[in-house]
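Contents: one structure, followed by commentary.
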Amino acid sequence: MKKFLYLSLLAGAIMTGCNEDDFLKEEALDFNSASNSYNTAADFDAAINELYFLTREEYYTTYDRTTDLSKFADMWITADPLTSNVVSDLSPSGAIAKFYWDENYKLIAQANTVISRVPNSTVLSDDQKKVYEAKARFFRALGYRTLAYLYGDVPLQLEEVTSPKTDYTREAKATVLAQCVTDLEFAAANLPEINTVKDGEISKPAANMLLAELCLATGDNNKAVTAATAVISNPNLSLMTQRYGSQAGEAGDVFYDLFRPNNQNRASGNKEAIWVIQFETNVEGGGNNTSHFFWNPGSFWGERFFAPQVDKFKIIKPDGTNVQLFNWPIGDMTGGRGIGTHYAVEHLYNGIWANDFDDMRNSEYNWPRKFKVHRPEALAADPKLAEAMPDGYFDLENTKLPEGYSMETGFAGGVNATTQLPNRFMCGYSTKMTTPFHHPAAQYGNAATYQLAGTGGKTYTDQYFYRLAEAYLLRAEAYVNLGQKGQAAADINVLRNRANAKPCTEAQMSIDYILDERLRELVCEEKRRLTLARTGKLYERITKYNPYFDAAHSADKKAYDAHYDLFPIPQSAILANKDGVLTQNPGYGN
């Protein structure tokens, strides 16, 4: 107000002799502002870096939101029933609805700014302008893809917003997805090839991966085949089939190698990686930090949520005393500093492996179910327990406790009294989420015993957003939709051959089979809720496989109604949009 008054008085004093519009126009000469910050390559690189940051923030580094896109699905049991209350978690005023709405519109706004500003650059070449626009359009498509899957119809804004806008309306989901396809076709045509970009950057194959998925979502299966084929046939990409990388000389297998420290990027020799989210530890601009716990923004907390907390597991003797076999937190195969809040549903834990338990992806390295006892003195003190575990391992599948002995899981009465679900503190889990025997050196309290510090719980590896294996799964899905089941089986068998698994047959091919194969291949990588929403399978599979939810609303299960397949429009967005109407999704009230 003071500045405006000063300028008004000054203009009145001068009265004549200048162009008032030019005189009052502010021009940034010695600092960055909205008017001069989008011109050079360095300017646009900084803007694109923000798009990478926002993506990492949404999917990986916001602690409370780490598991949202997998816990309401067909994969995980959320061990504490209070955290599985869909009525409160999925409400218009809840944090989940607001977070994904806000995060994706932040991504879109930043992308729109780049797209709107690129044509006005006076120093970029035409080719450079196309590349920056392609990058921004990729991320805009990514944002609108997620919004459409989660919320259905959403506002579609394709230009930079430079003044307050409060009159948005919802655009049809089909229109939004069609725009995503258009953006991705431009991105795929203009992004650089993968062998010319730095690790962590998007490239043509990343655009084609997302394009194949969006073509499936829009029903254009032939175009999905074409996009997936562009990835599969790329000479710079190939599945990893031989041991490689940082732990190639240790026990394991090639699938295990894919998820070991420093093995995700092309610099490690990994030709399967397409787009890898960077989490360098204790490096500025990286993700993980070894010296902080909850107060450390930027870390991926996969280990904490998805690995078991083995110290809570106890064996109860007939006289009522208990025996504790495991210490915690230990950076070995028991899961580091996991707390076991999410563990596999029966279908993921056993069902998908029922006909081929020896699938490499289910090996002792990738889904350990047998754990070395940390306290051998406990076995030595009880001959019956020593006889039950002669090799010093507790085997979830084969160890038989002596008569009169039982297991204590940490829940009162041994199991959750409401749901009768199995224990969470000793369970098989995906080692994609941890780094057995190879946590960062600073994370060990006692390296000799692999005892971890209390600041653990993070997953100290870079994370795949896309790798080549998923291209085969996307193309197989398109082939099933086209009725070409032989081709679908051939694609699935490429992955099964790498895993030394039994080959599948043409007769087995269905969307459900492919969704199961995605569990075998991509568990803990894919954002499962998005996949099930895209395929229209969320309600069916969550009520079929997740024991917390069912369609019948049984007294001992959480109510999961079909309207939860869409998130509610956040109440904050509805209230802020004072000059327009954002109609709430059905089932969430007015």
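The values are calculated or read from the model by the stated rules, or taken from the named source; none is laboratory data. From a predicted model like this one, the values you see are computed outputs, not experimental measurements. Cβ sites come from the backbone with ideal geometry, for glycine too, and all protein chains shown count toward neighbours. Only protein heavy atoms, including side chains, enter the accessible area calculation; ligands, DNA and RNA are left aside. Shrake-Rupley method; radii C 1.70, N 1.55, O 1.52, S 1.80 Å.
Lys25: surrounded by 19 or more Cβ atoms within 10 Å (Cβ to Cβ), at pLDDT below 90 and either touching a Gly at 6+ places or on another chain (Cβ under 6 Å) or basic (Lys, Arg) (or both), yes or no? Give the steps one after another, and end with the answer.
Numbers: surrounded by 19 or more Cβ atoms within 10 Å (Cβ to Cβ): no; at pLDDT below 90: yes; either touching a Gly at 6+ places or on another chain (Cβ under 6 Å) or basic (Lys, Arg) (or both): yes.
When the stated conditions are applied, Lys25 does not pass them.
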Residue tally, condition surrounded by fewer than 16 Cβ atoms within 10 Å (Cβ to Cβ) and either in contact (Cβ under 8 Å) with a residue 60 or more places away in the chain or among the hydroxyl-bearing types (Ser, Thr, Tyr) (or both), over the stretch 82-129
11
Complete set of residues in the stretch 319-369 that are assigned to a helix (DSSP H, G or I) and closer than 15 Å to Met426 by Cβ:
Tyr349
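Conditions (1) touching a Lys or Arg at 6+ places or on another chain (Cβ under 8 Å); (2) over 28 Å from Phe72 (Cβ atoms); (3) modelled with pLDDT of 90 or more, marked per residue:
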position: Thr321; (1), (2), (3): no, yes, yes
position: Gln324; (1), (2), (3): yes, yes, yes
position: Gly336; (1), (2), (3): no, no, yes
position: Thr341; (1), (2), (3): yes, no, no
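Given the residues Leu530, Leu575, which is the only one that is surrounded by fewer than 22 Cβ atoms within 10 Å (Cβ to Cβ), closer than 26 Å to Arg170 by Cβ, under 22 Å from the mean Cα position of the chain (by Cα) and at pLDDT 95 or above? Spell out the reasoning first.
Details: Leu575 fails: under 22 Å from the mean Cα position of the chain (by Cα).
Leu530 is the lone residue from the list that is surrounded by fewer than 22 Cβ atoms within 10 Å (Cβ to Cβ), closer than 26 Å to Arg170 by Cβ, under 22 Å from the mean Cα position of the chain (by Cα) and at pLDDT 95 or above.
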Among all residue pairs at least 6 apart or on different chains, which show Cβ distances below 9 Å where the first residue, located in the stretch 218-230, is farther than 18 Å from Thr531 by Cα and the second is surrounded by fewer than 18 Cβ atoms within 10 Å (Cβ to Cβ)?
Asn222/Leu482
Filtered residue count, the stretch 35-76, keeping only those that are among the aliphatic types (A, V, I, L, M), open to solvent by less than 10 Å² (accessible area, probe 1.4 Å) and within 25 Å of Lys537 (Cβ to Cβ):
2
Going through the stretch 296-322 in order, the residues found to be within 20 Å of Glu408 (Cα to Cα) and of a type in the set (Asp, Glu) are Asp311, Asp319
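Does Tyr151 count as of a type in the set (Phe, Trp, Tyr) and more than 24 Å from Ala533 (Cβ to Cβ)?
Details: of a type in the set (Phe, Trp, Tyr): yes; more than 24 Å from Ala533 (Cβ to Cβ): no.
In short, no.
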Matching residues in the stretch 195-248 - criterion: being closer than 30 Å to His438 by Cβ, among the small types (Gly, Ala, Ser) and open to solvent by 30 Å² or more (accessible area, probe 1.4 Å)
Ser238, Gly245, Ser246, Ala248
Could you tell me which of the residues Val283, Val345 is more than 30 Å from Arg498 (Cα to Cα) and hydrophobic (A, V, I, L, M, F, W, C)?
Val283
Quick count over the stretch 392-410, residues being under 27 Å from Ala354 (Cα atoms), assigned to a loop (DSSP other than H, G, I, E, B) and open to solvent by 30 Å² or more (accessible area, probe 1.4 Å), is 5
Exclusive hit being of a type in the set (Val, Ile, Thr), modelled with pLDDT of 95 or more and over 21 Å from Ile232 (Cβ atoms), set Val494, Val480, Val523
Val523
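Taking the stated definitions as given, is Ala507 in a loop (DSSP other than H, G, I, E, B) and of a type in the set (Gly, Ala, Ser)?
On the way: in a loop (DSSP other than H, G, I, E, B): no; of a type in the set (Gly, Ala, Ser): yes.
No; evaluated as a whole, the condition is false for this residue.
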Tell me which helices (runs of 4 or more DSSP H) are completely within the stretch 201-267 and hold 3 or more residues being under 21 Å from Lys135 (Cα atoms), or say none if there are none.
204-218, 221-232
Return the pair list, or none, for Cβ contacts closer than 7 Å from residues in the stretch 160-182 that are open to solvent by less than 70 Å² (accessible area, probe 1.4 Å) to residues that are among the aromatic types (Phe, Trp, Tyr), at least 6 apart or on different chains.
Val176/Tyr144; Gln179/Tyr144; Cys180/Tyr144
Answer yes if at least one residue in the stretch 443-459 is closer than 30 Å to Val494 by Cα, among the hydrophobic types (A, V, I, L, M, F, W, C) and either at pLDDT 95 or above or over 23 Å from the mean Cα position of the chain (by Cα) (or both), and no otherwise.
no
Here the residues within the stretch 296-318 that are assigned to a strand (DSSP E or B) and of a type in the set (A, V, I, L, M, F, W, C) are Ile315, Ile316
Which of the numbered conditions does Glu525 fail, given that it passes all the others? Conditions: (1) open to solvent by 20 Å² or more (accessible area, probe 1.4 Å); (2) farther than 27 Å from Gly287 by Cα.
(2)
Filter result for Lys204 (under 17 Å from Leu474 (Cα atoms), touching a residue at least 24 places away in the same chain (Cβ under 8 Å) and charged (D, E, K, R)):
yes
Tell me, yes or no, whether the stretch 350-360 has at least one residue that is out of contact with any helix residue (DSSP H, G or I) (no Cβ under 6 Å at 6 or more places or on another chain), open to solvent by less than 10 Å² (accessible area, probe 1.4 Å) and not charged (D, E, K, R).
no
Just to verify a result, which residue in the stretch 443-477, among those that are open to solvent by 20 Å² or more (accessible area, probe 1.4 Å) and of a type in the set (S, T, N, Q), is nearest to Asn236 (Cα to Cα)?
Thr455
Just to be sure I understand, how many residues within the stretch 370-391 are open to solvent by 20 Å² or more (accessible area, probe 1.4 Å) and outside any helix (DSSP H, G or I)?
7
Only residues that are open to solvent by less than 10 Å² (accessible area, probe 1.4 Å) and either assigned to a strand (DSSP E or B) or in contact with a Cys (Cβ under 7 Å, 6 or more places away or on another chain) (or both): list them for the stretch 425-442, please.
Ser430, Met433
Among the residues of the stretch 329-373, what is the count of those that are closer than 14 Å to Arg304 by Cα and of a type in the set (Val, Ile, Thr)?
4
